[in-house]
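Student: A single structure is presented below for examination.
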Amino acid sequence: MPLKVLICGGGVAGPALAYWLARTGHQVVIVERFPVLRATGAQIDLRGQGIEVIKRMGLIDAVRSKLVDEPGFSIIDARGNVKGNILANKSGQGAQSLTSEYEIMRGDLVRIFHEATKDNVEYIFGKTVDSFTENDQGVVAYFSDGSSDTFDLLVGADGQGSHIRRDILPPGAPDEYHQLGVHMAYWFVPSIETDNNMCKLHISPGGRMIMSRSHNQTETQVYFILISDSEELRDIPKGSVEQQKHSWAERFRDAGWQTDRFIEENWFCQNVVQVKTDTWHSNRVVLLGDAAHCPSPLTGMGTTSSLVGAYILAGELARSEDLSKAFQNYSRIMRPFIDEVQQFNIRWIRWAVPKSQWAISFVYLLVGLACFLHIPQLISRFSHDGDGDWKLPDYPELGPDQEEIQ
């Protein structure tokens, strides 16, 4: 029977779920706290099963039309010299490198999903769910504007800092944030003549790395990455933008390469974490995407896992009218995939971004030798993207054209 569904969060995961639910006849409302469509953000990628979900949605051509032309990435020393180039694996087989076969700006993917759902899904901007209660009729959501409404189902797709997750976690539940000791800031600067479509990485002493990516001819993305277990750094994102900029500028002022050019622009920073919790659902409330299982940007699997989760949740809701059973099956099928995706060994990034200059020089030497011997290409060809042998399930209930799309 058709459900009245409220999705909290209008980024990627929420609209992806809304696409499938509207397609199978459900009434879907998305509330987004931003006053307009949040079609901003940095470069993201699709991998493995995420690409397959896009194909099953019939949106692969729309995604391909917006892909960023990034052939790979270069390792750059403090003087701007290239120490090695590692190209994207676009063979369709094996693992991707830092640059995937499907690189796209977050805003472009958000706009694609909005265009695909806007005629069948109600979007409400500048509003969010402050609290909710449950009764025999469903979930009563109390909104930030003082209004309320009753729904059959509430979906928390509100990111790694999810308020919906906070409200369904049982008392005494373990801290869901798994600290990785990695901190990141990113923003955009005007492009200059020497910028090109190669992603560039520069390592600086003190566990610092600078990355730049040029997604068009006018803008370049800049990322500062800092490896540290400092609790003080975890609190920086809680400060004002000016406080964030000052803190990061002080830590990167002497990092070399093009630091002076990068350091004065707009700012966003975060403490890089993984979200790990045993609680993905409770009664008529269910979590989706980063709210349930953020794998962290370091894995490159955040967008893919959100799309896979939306597809499986919609498929199980289409397969069973019993919400409890659908949620249990969603968790049972999805968790092996997430367990694989979240298997991230932080030691490799601590090794790749060492604290001393002599260790950085050694890394540059190894990178140059590996690239000369084409070792990165061989590793990509004969490994996988971290999802093991997990296969995306089929849900004919989501539409008769599923087999045709595949």
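Student: Out of ILE203, ILE164, I need the residue that is touching a strand residue (DSSP E or B) at 6+ places or on another chain (Cβ under 7 Å), surrounded by 14 or more Cβ atoms within 10 Å (Cβ to Cβ), assigned to a helix (DSSP H, G or I) and of a type in the set (A, V, I, L, M). Which one? Show your work before the answer.
Tutor: Numbers: ILE203 fails: assigned to a helix (DSSP H, G or I).
Unique residue meeting the criteria: ILE164.
Student: Out of segment 133-161, which residues are over 21 Å from the mean Cα position of the chain (by Cα) and in a loop (DSSP other than H, G, I, E, B)?
Tutor: Start the filter on segment 133-161 by keeping residues that are over 21 Å from the mean Cα position of the chain (by Cα), which leaves 133-154.
Of everything in segment 133-161, those that are over 21 Å from the mean Cα position of the chain (by Cα) and in a loop (DSSP other than H, G, I, E, B) turn out to be ASP136, GLN137, SER144, ASP145, GLY146, SER147, ASP152.
Student: Here's a follow-up. Would you call PHE268 within 18 Å of the chain's Cα centre (by Cα), among the hydrophobic types (A, V, I, L, M, F, W, C) and under 19 Å from TRP187 (Cβ atoms)?
Tutor: Numbers: within 18 Å of the chain's Cα centre (by Cα): yes; among the hydrophobic types (A, V, I, L, M, F, W, C): yes; under 19 Å from TRP187 (Cβ atoms): yes.
Spelling it out, PHE268 is indeed within 18 Å of the chain's Cα centre (by Cα), among the hydrophobic types (A, V, I, L, M, F, W, C) and under 19 Å from TRP187 (Cβ atoms).
Student: Among the numbered criteria (1) of a type outside the set (S, T, N, Q); (2) farther than 30 Å from GLU231 by Cβ; (3) touching a Pro at 6+ places or on another chain (Cβ under 9 Å), which single criterion is violated by VAL341?
Tutor: Result: VAL341 fails condition (2) only.
Table: residues versus (1) among the hydroxyl-bearing types (Ser, Thr, Tyr); (2) over 17 Å from GLY309 (Cβ atoms).
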position	(1), (2)
VAL5	no, no
ALA18	no, no
THR24	yes, no
ILE44	no, no
VAL53	no, no
ARG56	no, no
SER74	yes, yes
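Student: Taking the conditions exactly as written (modelled with pLDDT of 95 or more and buried (at least 17 other Cβ atoms within 10 Å of the Cβ)), does LEU59 satisfy them or not? Break it down stepwise before answering.
Tutor: On the way: modelled with pLDDT of 95 or more: yes; buried (at least 17 other Cβ atoms within 10 Å of the Cβ): yes.
Taking the combined requirement at face value, the residue satisfies it.
Student: I'm trying to understand the selection: among the residues of segment 13-35, which are surrounded by fewer than 16 Cβ atoms within 10 Å (Cβ to Cβ) and either touching a strand residue (DSSP E or B) at 6+ places or on another chain (Cβ under 9 Å) or hydroxyl-bearing (Ser, Thr, Tyr) (or both)? Before the answer, list the steps.
Tutor: First pass over segment 13-35, keeping only residues surrounded by fewer than 16 Cβ atoms within 10 Å (Cβ to Cβ): 25, 34-35.
Result: PHE34, PRO35.
Student: If I filter segment 337-372 down to residues being within 30 Å of TRP390 (Cα to Cα) and not in a helix (DSSP H, G or I), which single residue comes out as least open to solvent (accessible area, probe 1.4 Å)?
Tutor: GLN342
Student: Among the numbered criteria (1) within 24 Å of ALA314 (Cα to Cα); (2) at pLDDT below 95; (3) buried (at least 19 other Cβ atoms within 10 Å of the Cβ), which one does ARG38 miss?
Tutor: Answer for ARG38: the failing condition is (3).
Student: Also, quick follow-up: I'm told ASP130 meets every condition in (1) outside any strand (DSSP E or B); (2) surrounded by fewer than 17 Cβ atoms within 10 Å (Cβ to Cβ) except one. Can you identify the failing condition by its number?
Tutor: (1)
Student: Of all residues being crowded, with 18+ Cβ neighbours inside 10 Å and free of Cβ contacts under 8 Å to residues at least 60 places away in the same chain in segment 322-336, which is nearest to PRO297 (Cα to Cα)? Just the residue, please.
Tutor: It comes out as MET334.
Student: Restricting attention to segment 172-200, and to residues there that are β-branched (Val, Ile, Thr) and not in a loop (DSSP other than H, G, I, E, B), which single residue is surrounded by the most Cβ atoms within 10 Å (Cβ to Cβ)?
Tutor: Initially, segment 172-200 is screened for residues β-branched (Val, Ile, Thr), giving 182, 189, 192, 194.
With not in a loop (DSSP other than H, G, I, E, B) added as a condition, the list becomes 182, 189.
Values: VAL182: 24, VAL189: 19.
If we take residues in segment 172-200 being β-branched (Val, Ile, Thr) and not in a loop (DSSP other than H, G, I, E, B), then VAL182 is surrounded by the most Cβ atoms within 10 Å (Cβ to Cβ).
Student: What number goes with the only condition from (1) buried (at least 18 other Cβ atoms within 10 Å of the Cβ); (2) within 13 Å of VAL285 (Cα to Cα) that THR117 does not pass?
Tutor: Condition (2) is where THR117 drops out.
Student: Now for a different question. Quick check on my filter: what residues within segment 67-89 are of a type in the set (Val, Ile, Thr) and either surrounded by fewer than 16 Cβ atoms within 10 Å (Cβ to Cβ) or out of contact with any Lys or Arg (no Cβ under 7 Å at 6 or more places or on another chain) (or both)?
Tutor: Of segment 67-89, the ones of a type in the set (Val, Ile, Thr) are 68, 75-76, 82, 86.
If the condition is that a residue be of a type in the set (Val, Ile, Thr) and either surrounded by fewer than 16 Cβ atoms within 10 Å (Cβ to Cβ) or out of contact with any Lys or Arg (no Cβ under 7 Å at 6 or more places or on another chain) (or both), then VAL68, VAL82, ILE86 are the ones that fit.
Student: Further question on the same structure: Counting only residues that are small (Gly, Ala, Ser), surrounded by 21 or more Cβ atoms within 10 Å (Cβ to Cβ) and touching a Pro at 6+ places or on another chain (Cβ under 7 Å), give me the helices (runs of 4 or more DSSP H) lying completely in segment 221-321 with at least 2 of them.
Tutor: Working: elements: 231-235, 241-252, 259-262, 290-293, 302-319.
Where helices (runs of 4 or more DSSP H) fall fully within segment 221-321 and carry at least 2 residues being small (Gly, Ala, Ser), surrounded by 21 or more Cβ atoms within 10 Å (Cβ to Cβ) and touching a Pro at 6+ places or on another chain (Cβ under 7 Å), they are 302-319.
Student: Now for a separate question. How about segment 384-400: which of its residues are at pLDDT below 80 and either loosely packed, with under 12 Cβ neighbours inside 10 Å or farther than 30 Å from GLY315 by Cα (or both)?
Tutor: Listed by number, the residues that qualify are ASP389, PRO400.
Student: List the pairs whose first member sits in segment 119-142 and is touching a residue at least 12 places away in the same chain (Cβ under 8 Å), whose second member is open to solvent by 40 Å² or more (accessible area, probe 1.4 Å) and among the aliphatic types (A, V, I, L, M), and whose Cβ atoms are under 9 Å apart, counting only residues at least 6 apart or on separate chains?
Tutor: Final answer for the pair search is TYR123/LEU37; PHE125/VAL36; PHE125/LEU37; GLY126/VAL36.
Student: Looking only at segment 144-156, count how many residues are surrounded by fewer than 18 Cβ atoms within 10 Å (Cβ to Cβ) and either under 21 Å from PRO15 (Cα atoms) or touching a residue at least 40 places away in the same chain (Cβ under 8 Å) (or both).
Tutor: We begin by selecting, within segment 144-156, every residue surrounded by fewer than 18 Cβ atoms within 10 Å (Cβ to Cβ); these are 144-150, 152.
Next, only the ones that are either under 21 Å from PRO15 (Cα atoms) or touching a residue at least 40 places away in the same chain (Cβ under 8 Å) (or both) stay: 144, 149-150, 152.
The total comes to 4.
The values are calculated or read from the model by the stated rules, or taken from the named source; none is laboratory data. All figures in this text were calculated on a predicted structure; none of them were measured in a lab. Reconstructed Cβ throughout: ideal geometry from the backbone, glycine too, with neighbour counts over all protein chains shown. In case anyone asks, the SASA skips ligands and DNA or RNA and just uses the protein heavy atoms, side chains included. Shrake-Rupley method; radii C 1.70, N 1.55, O 1.52, S 1.80 Å.
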